[in-house]
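Following: one structure in structure tokens, then a few remarks.
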Amino acid sequence: MSFELALKEVARSFTSDDGVELKIRAIESTDSKALLGFFKNLPAPELMFFKHRVTDPEVTEGWCSNITLESNLPLLALDEGKVVAVATLHQNKGGWKRHIGRISCSVLPKYRQKGIAGKLVQELVDIGRMAGLQKVEAEFIDKQEGGQKMFALLGFTHLVKLEEYVQDMQAINHDYVLMGMDLKTDEEYAGMG
Ligand SMILES: CC(C)(COP(=O)(O)OP(=O)(O)OC[C@H]1O[C@@H](n2cnc3c(N)ncnc32)[C@H](O)[C@@H]1OP(=O)(O)O)[C@@H](O)C(=O)NCCC(=O)NCCS
């Protein structure tokens, strides 16, 4: 099953822990401005967690004009049309990590600790499992402790820590942390019955 097909099983809405009704859906071609607004409202130091310059309109426009959900699936949570959280499931279709999905997640500060990232990441894990991925992983720096705790609650464990391995915008070194989880595929569950 492809990510796109598995996406049909994802909840369309979700109520956050403080009672706000959020819409959940995959990225669409018209989302460029909403995504740009989201990234511009993140604390500046957190922008280094993204591999692209996400506050540049060309980047969000590029994403929205070239959506490839089968290998890169950004799931958005929206509050009355405003993007408040983005979680992405990424798969390299070839190469030695093709059986592993990489998940990342970011939530606007005002919307944190309300269960939103937990919900989006769980949906992506379920999609990865339905799509036949064998593992999922997530990358962190040492001080992203809240994120590591959240992924641990969903079943991820610490796989490796490399001391002073990555650098932030100020060229300060940080420990690199890789977490991951093995997935049972639908076929394995079917075989268990
Ligand atoms: C990490 C992040 C995605 C969490 O989003 P969130 O929507 O606040 O997470 P949730 O509310 O679903 O958290 C679920 C649980 O994880 C734990 N958790 C989440 N953030 C935490 C924090 N900052 N400190 C301690 N525990 C935290 C809590 O146990 C929480 O449950 P609780 O609120 O009932 O105690 C958000 O803080 C963020 O965008 N941070 C910056 C980017 C980042 O670090 N991303 C993670 C790497 S991909």
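Screening the candidates Gln170, Gln148, Gln144 for the property of being loosely packed, with under 13 Cβ neighbours inside 10 Å, of a type in the set (S, T, N, Q) and either within 15 Å of Phe49 (Cβ to Cβ) or within 15 Å of the ligand (Cβ to nearest atom) (or both) yields one hit, Gln170.
Within the stretch 27-53, being aliphatic (A, V, I, L, M) and in contact with a helix residue (DSSP H, G or I) (Cβ under 8 Å, 6 or more places away or on another chain) holds for Ile27, Leu35, Leu36, Leu42, Leu47.
Asp126 fails exactly one of the following numbered conditions: (1) surrounded by fewer than 18 Cβ atoms within 10 Å (Cβ to Cβ); (2) farther than 19 Å from Leu69 by Cβ. What is the number of that condition? Failing condition for Asp126: (2).
Based on this model, can you work out whether Asp168 counts as under 22 Å from Phe38 (Cα atoms) and at pLDDT below 95? So Asp168 fits the description; yes.
One residue alone among Val107, Val136, Val83 is closer than 26 Å to Asn173 by Cα, away from the ligand (no atom under 11 Å from the Cβ), β-branched (Val, Ile, Thr) and buried (at least 17 other Cβ atoms within 10 Å of the Cβ), and that residue is Val136.
Of everything in the stretch 1-17 that is closer than 15 Å to Ala77 by Cα and not aromatic (Phe, Trp, Tyr), the residue that is most open to solvent (accessible area, probe 1.4 Å) is Arg12. Looking at the stretch 54-66, can you tell me whether even one residue there is of a type in the set (Val, Ile, Thr), in contact with a helix residue (DSSP H, G or I) (Cβ under 6 Å, 6 or more places away or on another chain), buried (at least 18 other Cβ atoms within 10 Å of the Cβ) and touching a residue at least 40 places away in the same chain (Cβ under 8 Å)? For the stretch 54-66, residues of a type in the set (Val, Ile, Thr), in contact with a helix residue (DSSP H, G or I) (Cβ under 6 Å, 6 or more places away or on another chain), buried (at least 18 other Cβ atoms within 10 Å of the Cβ) and touching a residue at least 40 places away in the same chain (Cβ under 8 Å): absent.
Screening Leu78, Leu120, Leu35 for residues that are within 29 Å of Glu145 (Cβ to Cβ), more than 10 Å from the ligand (Cβ to nearest atom), touching a Leu at 6+ places or on another chain (Cβ under 7 Å) and open to solvent by less than 30 Å² (accessible area, probe 1.4 Å) leaves exactly one candidate, Leu78. Just one of the numbered conditions (1) free of Cβ contacts under 8 Å to residues at least 12 places away in the same chain; (2) more than 9 Å from the ligand (Cβ to nearest atom); (3) not in a strand (DSSP E or B) is not true of Tyr165: (3).
When the residues of the stretch 1-15 are filtered to those that are part of a loop (DSSP other than H, G, I, E, B) and touching a strand residue (DSSP E or B) at 6+ places or on another chain (Cβ under 8 Å), the one that is modelled with the highest pLDDT is Arg12. Residues in the stretch 16-61 that are in a helix (DSSP H, G or I) and farther than 27 Å from Gln170 by Cβ: Ser32, Lys33, Ala34, Glu61.
The values are calculated or read from the model by the stated rules, or taken from the named source; none is laboratory data. Predicted model, so just to flag it, every value in this text is computed and none were measured. Please note: Cβ atoms are built from the backbone with ideal geometry, for glycine as well, and neighbour counts cover all protein chains shown. We work out accessible area using only protein heavy atoms, side chains counted, and drop any ligands, DNA or RNA first. Shrake-Rupley method; radii C 1.70, N 1.55, O 1.52, S 1.80 Å.
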